[in-house]
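Report on the structure given below.
Derivation of every value follows stated rules applied to the coordinates shown; laboratory data play no part. Remember, it's a predicted structure, so these values are computed and weren't measured experimentally. Virtual Cβ from ideal backbone geometry, glycine too; neighbours counted across all protein chains shown.
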Amino acid sequence: VIPARFDYDVAESVDHAIELLGAGGGDAKLLAGGHSLVPALKLRIARPSKLVDIGRLSELSYVKDDGTHVAIGALTRHATVAADGTLAEHCPIVSFTAGQIGDPQVRHRGTLGGTLAHGDPASDMPAVMLALGAELVARGKGGERVIPATEFFTGVFETALAPDEVLVEARVPKLAASTGWSYMKANRRAQDWATVGVAALVHRDNGSIAGASIGLVNMGATPLRGKAAEDALAGGASAADAAMLVTEGAEPPSDFAGSSEYRAHLAQVMARRALEQALGD
Amino acid sequence: VSAAAEKPGYVGAPVKRREDRALLTGRGTYVDNMAPAGTLSMVVARSPYAHARVKSISLDAARGAEGVVAVFSAADLQDDWKAAMPCAWPVTEDMKNPPHYPLTDVARYQGDGVAVVIAETRAQAKDAAELVEVDWEPLDALVDVGKALEDGAALAHPDLETNECYVWRLDTDATGQAIDDAEVVVTRRYYQPRLIPNAIEPRAVLAVPGPAGELTLYAATQIPHILRLLVAATLGMSETKLRVVAPDVGGGFGSKLDVYAEDLLAVALARRLGRPVKWTEERSENYVATIHGRDFVTEYTLAATKDGTITHCRARVTAAMGAYLQLVTPGIPLLGAWIYAGPYAIPNYSVEFTGVFTNTTPTDAYRGAGRPEATYVIERTMDALADELGMDRVELRRKNFIKEFPATIGSGLTIDSGDYVASLDKLLDHLDLDSLRAEQSKRRENGAAKQLGVGFSTYNEMCGLAPSRILGAIRYAAGGWEQATIRYLPTGSVQVITGTSPHGQGHETSWAQIVADQLGCDMDAVEVLHGDTSVSHAGLDTYGSRSLPVGGVALTYAADKVIDKARQIVAHQLEVSSDDLEYAKGTFAVKGSPDKEMTLAAAAWAAFAAHDLPDGMEPGLEATATYDPPNFSWPGGAHAAVVEVDTETGDARLVRYVAIDDVGSVVNPLIVDGQVHGGITQGISTALFEEGSYDETGSLETANLLTYLVPSAAELPSYELDRTESPSPTNPLGVKGVGETGTIAAAPAVMNAVLDAVSHLGVKDIQMPATPERVWRAIQEAKA
């Protein structure tokens, strides 16, 4: 419970945070809600030389309707996302999933940007962003750039963010009213990370299935898309048949929560159930 | 009739705990809250290996670190120890007990201490501990209890040339008839996983030296009295120079019923350095440095006639001691040794325990201690026997219940009282088994993904530790009595001093209820003092559901003595014979003269003033009683679990839990329900969640709350509780103890329910805990 020594700075603005990160010698870490970082510090698994606290940058806490998409500030707490009316109307899978993260304490401290930038493949929201085709906005010394979710998650606890970049916003598409969705996860305890999670979106065109997208939690080093299953469903396969293909290309880990083999089976069951729910069956 | 006589009693009433206001508003006082001026912080550098020799150790870098006051290796402190760390229960004459000391140069488990750092702050001590440089020579480690006695197994202590610690037998086979000749014989083998206690407050000690060689040890402990005795003995101190204080203590479950290396280190170093030394365990440190529980392999046999009359039971247990024997490690199996027939009348009885050393954290008492281990194998095997006989699982239990009390059982002890049939009937009333079976049949017919299962556990246990003569007969070093003192103060308030040491049980409330009723005073007038050896001079502390049936009963005898003395004073002052006085609820009345009376409070003042006492009587109204129970106490009951198993994912979820417990008379039903809730949760957790596991090198894989799954309320249903009451005839309160019943009963009920849910798929056994993957695999294997 005693972290190794670190320096601590409070950022007054995003640009200030970028400046502090740049001066941090490459291993400085941003502190937002702290619900992944602080336990890692206490266990001395993470030993950054400096923490840059961005917890007071209230300008990064918002949910706005931006016409074609909904923009969510990176410091928006999970509880705020879960309760947001704009998201409930236009992209309910995001608000629903935010309500499934951790426990109430985690949801009231943890932030959307934090869970994305942490790059944990066992977290719920990265797979949802991937399934949605969300865009993530990073700001650095040279200004802002937009990173597609498909390019953002690069490895276990690794993302496309540069060491002195700050994730400032996530942009999620407005879903058509006819789009079916589901987020399901299997875990032993409510507060645990998912053993496996599945985010499913089914798009319809005049009542027939126009396409599907599936995001997988904890089935590899990064959140994954279940492409083969998506294609099968779009090609007319049943949810049950499509779901069997969801593990193609996945490399599920083996750990205390389950073996790789069990996870693969679980993903197929969960994918079938999620697709059935998204299809309204 | 006086007004006091009209007052309803406190005993039996759901009085809210007087402890809670301070605890719930953050105003409790735990050891870590205390910081006398000049306090130093202690951190132990530990072995990352399960079995390894220290080839060399360098403390220079640590000694040079900022804020460091001192750093010691095992060799530096060896002369401080006058004895090895204590084991109070040499269960056999030839038991092996390799000596161990607070620091070592041969680590026998991951977490064994090799050096200790003292610094001005905890962070400095922690940083410096990372600078202790050890050149290790890793040795072969023995981890698996089931392989400890195999030829060629690695040896936890190579010098012993075996991993066997002891073999202990109890055999009362009256007929001598071979068990295998019985008409029906069912033998099953079970592994009960290693459990890691997680008290909400981790362990902590603060040793404060005084100017004249005296020392106060503040400790998050269940056992201030035993700790004082054994710390003094191990360090060669006079007991008179050592005061042990257990302030608010945040749970123990047996894990704070021990003498630990850190207790001894803090005292030794405070004496060396002349400054207070504090050590507070880190949560992840708790996983390796505090005792574990269970880790039993048991082969259990029931033999019966074809009509379902059970004739024999036999248990053969291999129990992991871990790397060393802690305070009562070898005795844990023995705490269940007499109840391997459960609540059933089984004449022929034999148990055999083999304790084995493994290169793991030592095991010791964990809630239930020996009795959950027995009940689990009995109740799992009762289901197997019923299936084998083609009998209803409930009816097999009912048929074999002990029905006459007191009952001398196959193992030789005598059960004080009980009514197992009544508990079972009440359980069935609550459960509505017919509806559950109908729903289960429907789901089976539909091939539903989520199948329903119902599991039963009818149990008894022996607690209220313990009759001193019996403890002596089974080679436990100390007795099992308890002491209480009651002082009726001149202004009418009452001081109660108890030798029990509560750490969450609510003794301050329950003890005040008992004393206030007996002395006829207001509960608020009764103050309960405990947990400080300078206040409570003698006691044997809190564990084994002993506090109420031993310590609570001592209170009633002390109150009797107070009343007896007051009676003499009142008789003297009213000038009547003491035989003519009738005592009720705090008032003595003269028989036949209803206007002539005197209160106990008035007698207390008279005893204080001492103006007019009977000749030769000492002033003051105070009495001490020491009570040694004539028998254990024997709770029992009937529990049922209803689970839903997702047969596609293997996920088993508890839907209902119904518990009927008979813990004798109840002093405070709120507190009893709280104990039952907590106990049941620990039992459920054993069945579905908790499992301490090591990899093959002896590295603990479940070394934090992320991987060692302690469930929360979100995973559990509301429990349905009720009681039957068979007062214990061996004590005037009729009480039996309730601290462990839930833990003892719950795990087999839940496992039996999980198995019931998937039995139609051909599944016969699942390793506990029933994780989703294990359940899924069992279904796949049954299909194959």
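Return the inverse of the average 1/r over all pairs of distinct C-alpha atoms in region B:525-667, which is the Kirkwood hydrodynamic radius, in Å to one decimal.
19.5
In region B:21-125, if every C-alpha pair distance is counted and binned at 5 Å from zero, what percent goes to each bin?
With 5 Å bins starting at 0, P(r) equals 2, 10, 15, 16, 16, 15, 10, 8, 6, 2, 0.
Determine the principal axes of the Cα atoms in chain B, then give the extent along each, sorted from largest to smallest and rounded to whole angstroms.
89, 73, 51
Just the number, please: Stokes-Einstein D of region A:175-281 in µm²/s, Kirkwood Rh from C-alpha pairs, 37 °C, 0.692 mPa s.
241
Name the residues of region B:393-430 whose amide N is less than 12 Å from a point 7 angstrom out from the Cα of B:THR309 along the C-beta direction?
Counting only backbone N, you get B:400.
What is the packing order of peptides A:193-202, A:75-84, A:18-27, taking the mean over residues of other C-beta atoms within 10 Å and listing the highest first?
Sorting A:193-202, A:75-84, A:18-27 by mean packing, highest first, produces A:193-202, A:75-84, A:18-27.
Return the Rg/Rh ratio of region B:116-225 with Cα-based radii and a Kirkwood Rh. Could the numbers behind the result be given before it?
Numbers: Rg = 24.4 Å, Rh = 21.2 Å.
Ratio of gyration radius to Kirkwood radius for region B:116-225: 1.15.
Tell me the volume per residue, in Å³, of the convex hull enclosing the alpha carbons of region B:424-491.
With only Cα atoms used, region B:424-491 gives 268 Å³ per residue.
Okay, helix-only estimate at 222 nm for chain A: each DSSP H run of n ≥ 4 adds -39500 (n - 2.57), divide by all residues, round to 500 deg cm²/dmol; what do you get?
Mean residue ellipticity, 222 nm, calculated: -8500 deg cm²/dmol.
With no solvent and one point per C-alpha, what does the Debye sum give as log10 I(q)/I(0) for region B:136-182 at q = 0.34 Å⁻¹?
-1.32
I need the phi-derived Karplus couplings for region A:60-66: 6.51 cos²θ - 1.76 cosθ + 1.60, θ = phi - 60°, integer Hz, Gly and Pro marked x.
Those phi angles translate into 9, 10, 6, 10, 10, 7, 10 Hz.
Quick one, what does Rg over Rh come out to for chain A if you take C-alpha atoms and the Kirkwood Rh?
0.98
At A:PHE157 and B:ASN33, where each label point lies 7 Å from the Cα along Cα→Cβ, what is the point-to-point distance in nanometres?
3.6
Would you work out the Kirkwood radius for region B:562-620? I mean one over the mean of 1/r across all pairs of different Cα atoms, in Å. Walk me through the numbers before you get to the answer.
Numbers: mean 1/r = 0.0898 Å⁻¹.
In region B:562-620 this quantity evaluates to 11.1 Å.
Using packing as a proxy for protection, rank B:194-204, B:754-764 so that the peptide with the highest average count of other Cβ atoms within 10 Å comes first. Please list the in-between numbers first.
Working: B:194-204: 21.8, B:754-764: 20.0.
My ranking of the peptides, most packed first, is B:194-204, B:754-764.
Using only C-alpha positions, report the orientation-averaged shadow area of the convex hull of region B:503-561, nm², one decimal.
Result: a mean projected hull area of 4.2 nm².
Across peptide A:261-274, what mean number of C-beta atoms from other chains lies inside 10 Å of a residue's C-beta?
That average works out to 3.
Please give the FRET efficiency for A:VAL10 paired with A:SER178, using the beta carbon to beta carbon distance and R0 = 41 Å, rounded to the nearest 0.05.
Details: r = 46 Å, r/R0 = 1.13.
So the FRET efficiency works out to roughly 0.30.
Quick one: grab Rg to one decimal and Dmax as a whole number for region B:652-784, Cα atoms only, in Å.
Cα-based Rg and Dmax for region B:652-784 come out at 17.8, 60 Å.
When each pair of different Cα atoms in region A:58-112 is counted once in the 1/r mean, what is the Kirkwood radius in angstroms, to one decimal?
It works out to 11.0 Å.
Going by how many other Cβ atoms sit within 10 Å of their own, how do A:THR97, B:THR414 line up, fewest first?
Values: A:THR97 25, B:THR414 14.
The fewest-first ordering by Cβ neighbours comes to B:THR414, A:THR97.
Cα axis of helix A:260-279 to longest principal axis of chain A: angle in degrees, 0 to 90, nearest 10?
Value to nearest ten degrees: 70.
Would you please give the residues with an amide H less than 5 Å from that of A:LEU30, counting only those at least 5 places away or on a separate chain, with H modeled from the backbone geometry?
A:VAL52
Which of A:LYS64, B:LYS736 comes first, and how do the rest follow, when ranked by fewest Cβ neighbours within 10 Å?
Exposure proxy ranking, most exposed first: A:LYS64, B:LYS736.
Test of understanding: express the Cα radius of gyration of the protein assembly as shown as a ratio to 2.2 N^0.38 Å, with N the residue count.
Dividing the Cα radius of gyration by 2.2 N^0.38 Å gives 1.03.
When Lys and Arg each count +1 and Asp and Glu each count -1, what net charge do the other residues less than 10 Å away from B:GLU725, Cβ to Cβ, add up to?
Here the charged neighbours net out to -1.
With label points built 7 Å along Cα→Cβ from the Cα atoms of B:SER712 and A:ASP241, find their separation and express it in nm.
In this crude spin-label approximation the distance works out to 4.2 nm.
Along the principal axes of its C-alpha atoms, what lengths does region B:263-403 span, in descending order and rounded to whole Å?
Each principal axis gives a Cα extent; for region B:263-403 these are 72, 26, 24 Å.
Once the piece of chain linking B:PHE405 and B:SER468 is laid out straight, how much longer is it, given 0.36 nm per residue of separation minus the C-alpha distance between them?
Separation in residues times 0.36 nm, less the Cα-Cα distance, equals 20.4 nm.
Under DSSP H, which helices of chain B have Cα atoms covering 24 Å or more of the helix axis and a Kyte-Doolittle average no less than 0.5?
Within chain B the helices that satisfy the rule are B:669-688, B:741-758.
Show log10 I(q)/I(0) for region B:508-604 at q = 0.12 Å⁻¹, two decimals, from a solvent-free Debye sum over equal Cα scatterers.
-0.47
Note down the nm distance, to one decimal, between modelled labels 7 Å out along Cα→Cβ at A:SER254 and at A:ILE209.
3.3
So how long is each side of region B:232-310 along the principal axes, counting just the alpha-carbon atoms, biggest first, in Å?
72, 32, 24
Starting from the Cα coordinates of region B:291-347, work out the convex hull volume and express it per residue in Å³.
85
In peptide B:422-433, what is the residue-averaged number of other protein chain Cβ atoms found within 10 Å of each Cβ?
So the per-residue partner count for this stretch is 0.
Provide a whole-number value for the mean count of partner chain Cβ atoms within 10 Å of the Cβ atoms in peptide B:439-447.
Per residue, the number of nearby Cβ atoms from other chains is 0 on average.
What order, most packed first, do the peptides B:581-587, B:777-783 have when packing is the mean number of other Cβ atoms within 10 Å of each residue?
B:581-587, B:777-783
Please give the residues of region B:154-183, grouped as numeric ranges, whose backbone N is less than 12 Å from a label point set 7 Å along the Cα-to-Cβ vector of B:THR92.
B:164-170
In whole Å and largest first, what semi-axes does the C-alpha gyration tensor of region A:172-213 yield when each eigenvalue is scaled by 5 and square-rooted?
So the equivalent ellipsoid measures 28, 10, 7 Å along its semi-axes.
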